[in-house]
Amino acid sequence: MSNTFEQDSKVEVEARLQQQILNVIWIDGEVEIQRIPQQLMKWKGKDLFDLVCRTLGLRETWFFGLQYNIKDTEAWLKMERKVLDHEVSKEEPITFHFLAKFYPENAEEELVQDITQRLFFLQVKKKILEEEIHCPPEASVLLASYAVHAKYGDYDPEVHKPGFLAEEELLPNRVINLYQMTAEMWEERITACYAEHRGRTKDEAEMEYLKIAQDLDMYGVNYFSIRNKKGTDLLLGVDALGLHIYEPENKLTPKCSFPWNEIRNISYSDKEFTIKPLDKKTNVFKFNSSRLRVNKLILQLCIGNHDLFIRRRRVDSLEVQQMKSQAREERARKQVERQRLQREKQLREEAERARDELERRLIQLQDEAHMANEALLRSEQTADLLAEKAQIAEEEAKLLAQKAAEAETEMQRIKVTAMRGQEERRIMEQKMLEAEMLALKMAEESERRAKEAEQLKQDLQEARNSERRAKNKLLEITSKAIYTSPGLPSDSVPQELNFSRENLSFDFKDTDMKRLSMEIEKEKVEYMEKSKHLQEQLNELKTEIESLKLKERETPLDIIHNQNTEQGTSKQSNFKKLTLQSTKPRGAFFEEL
């Protein structure tokens, strides 16, 4: 009866699972696979994994896996095992996370597809922001600037104005709390770095982000709590280069490392994990973990990282060669397209500058025409006024001449009557003298008025000449404005602009592919110079913000990183130094920790 009950329960569970919703989430979105009544029961991990990869268009599948949670432990879906045979939660929906399981040694050389690069960029950025990967403050600012470039493209001061990063999550909270800096001060420094990246594409910004991030000490390392035979608590780190042993409080600097090419065999029995070195004379490396499930996960990661380590050192498969060839062709095509767009943008900017100059010249000519119109109006008013004054002066001269004639007549009459008597003659002489003086004055005044009238006639003539010159200048300005005005037929455009357009057509047809190939090769030669520039940039950022640091808020990892920096040690130098130890076997060294 008990068996019958168990069989009935199993049938009920299977019937319910047939209607389950399967949810797969990746870093940039999610896909929901639902209502697969019969197929879901038969699906293996590879079937689900392949479906997600096809959905994403991903061919570099060897870096990724489907992760799920078992209680408080993370596990990866096994490819050859049925999906529902895993210890996944049977609550609806069944959820898996599509994540990078293994990391490349060199992102620029190994990542071929844009989608692969994009997924790594998003996942690494998330780990840095959530402080799963320790990142020094100056590197955080530089990485944030590349993240902004990857989202917004080239910096444009007209578009990316202060405050445009207010809602963005760009820096780890640890870095923000470590300095007495406002959000505006952080944005100013990030934007200053962002502006220096002008000319890069979004894909190139993502790759620059990964090239900086892959040099961080905790990049690509999976940490596990272990104990040696003495019961000392330690950390085991598994990454693309090998195995590393850390003290629990220091995840940055390993005390001992084992590169993959020195490991012959890895195995576990119950909770004991064993690593056998390639040199049989070297001691076997053993440690214990608290759970069997953790040992399984460590073994998966070791096998996968070791396989990729060997694969990188062999000739690429035909599939990878084909992918790299297609990627090179695509990059070359994008480079040509980018150059074409840059040339078009440059020509468009030049045309806009020419248009602005023409508009400015037109406005200037319009202002000159307006001033000429005002000058003409003033000349006409002046001419009218002078004509009126000349007419008045002429009338006054005629009136004075008439008065002078009357005075002469009066003088003659006085002379005739002057003979009447001596006294009368004396009086008459006196009056005659006065009359003569008055007549002389009147004659002088008449002559002065005549001269003034003549001068007014000359002024009038000169004003009319000025009016005629102003009209001629207005006609000349108007004809120039019509010639330079926008919207004219193409045959009236200056010959220089037509020539530039002819050159544009010619340049696009004569793209030098050999030069493009040489530029691609030149990138490798310039790597050291870029690295030097990167270090200088990081040092400059560190100097800028060092005075605002709150020393008391530094975490233990910050202090360890600063000590490593002062000693000139790095992730690569530490690994080389630890793997070249010859004074004492590393297995024995591990036992002493």
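The values are calculated or read from the model by the stated rules, or taken from the named source; none is laboratory data. If you're wondering where the values come from, they're calculated on a predicted model, not measured in any experiment. Please note: Cβ atoms are built from the backbone with ideal geometry, for glycine as well, and neighbour counts cover all protein chains shown. Just so you know, the surface numbers come from the protein's heavy atoms only, side chains and all, with ligands and any DNA or RNA stripped out. Shrake-Rupley method; radii C 1.70, N 1.55, O 1.52, S 1.80 Å.
Structure notes:
- Contacts under 8 angstrom Cβ, first residue in segment 426-437 being open to solvent by 100 Å² or more (accessible area, probe 1.4 Å), partner at pLDDT 80 or above, 6 or more apart: none
- Exactly one residue out of Ala205, Ala192 is open to solvent by less than 10 Å² (accessible area, probe 1.4 Å), small (Gly, Ala, Ser) and over 30 Å from Leu292 (Cβ atoms), and it is Ala205.
- Pairs where the first residue, in segment 345-364, is in contact (Cβ under 8 Å) with a residue 24 or more places away in the chain and the second is among the hydrophobic types (A, V, I, L, M, F, W, C), C-beta under 7 Å, 6+ apart: Leu347/Leu504; Ala354/Leu497; Leu362/Ala481
- Cβ-Cβ contacts under 8 Å between residues 6 or more apart (or on different chains), taken from a first residue in segment 315-339 that is within 17 Å of Glu109 (Cα to Cα) to a second residue that is acidic (Asp, Glu) and loosely packed, with under 14 Cβ neighbours inside 10 Å, are listed as Lys324/Asp316.
- Residues satisfying the stated conditions in segment 207-266, i.e. closer than 21 Å to Leu119 by Cα and of a type in the set (D, E, K, R): Glu208, Lys211, Asp215, Asp217, Asp239
- Screening Ala327 with (1) aliphatic (A, V, I, L, M); (2) surrounded by 14 or more Cβ atoms within 10 Å (Cβ to Cβ); (3) modelled with pLDDT of 85 or more gives one miss only, at (3).
- Odd one out for Arg264 among (1) out of contact with any Leu (no Cβ under 7 Å at 6 or more places or on another chain); (2) outside any helix (DSSP H, G or I); (3) free of Cβ contacts under 8 Å to residues at least 40 places away in the same chain: (1)
- Scope segment 456-488; condition over 23 Å from Ala372 (Cα atoms), modelled with pLDDT of 70 or more and open to solvent by less than 90 Å² (accessible area, probe 1.4 Å); matching residues: Leu456
- Criterion: in contact with an Asp or Glu (Cβ under 9 Å, 6 or more places away or on another chain), open to solvent by less than 30 Å² (accessible area, probe 1.4 Å) and either of a type in the set (A, V, I, L, M) or under 21 Å from Gln537 (Cβ atoms) (or both) - qualifying residue of Leu178, Leu171: Leu178
- Picking from residues in segment 69-82 that are farther than 18 Å from Asn295 by Cβ and more than 43 Å from the chain's Cα centre (by Cα), the one that is most open to solvent (accessible area, probe 1.4 Å) is Glu80.
- Members of segment 545-557 that are within 19 Å of Trp186 (Cα to Cα) and open to solvent by less than 80 Å² (accessible area, probe 1.4 Å): Ile545, Glu546, Leu548, Lys549, Leu550, Glu554
- Note on segment 245-258: among residues that are within 39 Å of the chain's Cα centre (by Cα) and open to solvent by 10 Å² or more (accessible area, probe 1.4 Å), the one that is nearest to His134 (Cα to Cα) is Lys251.
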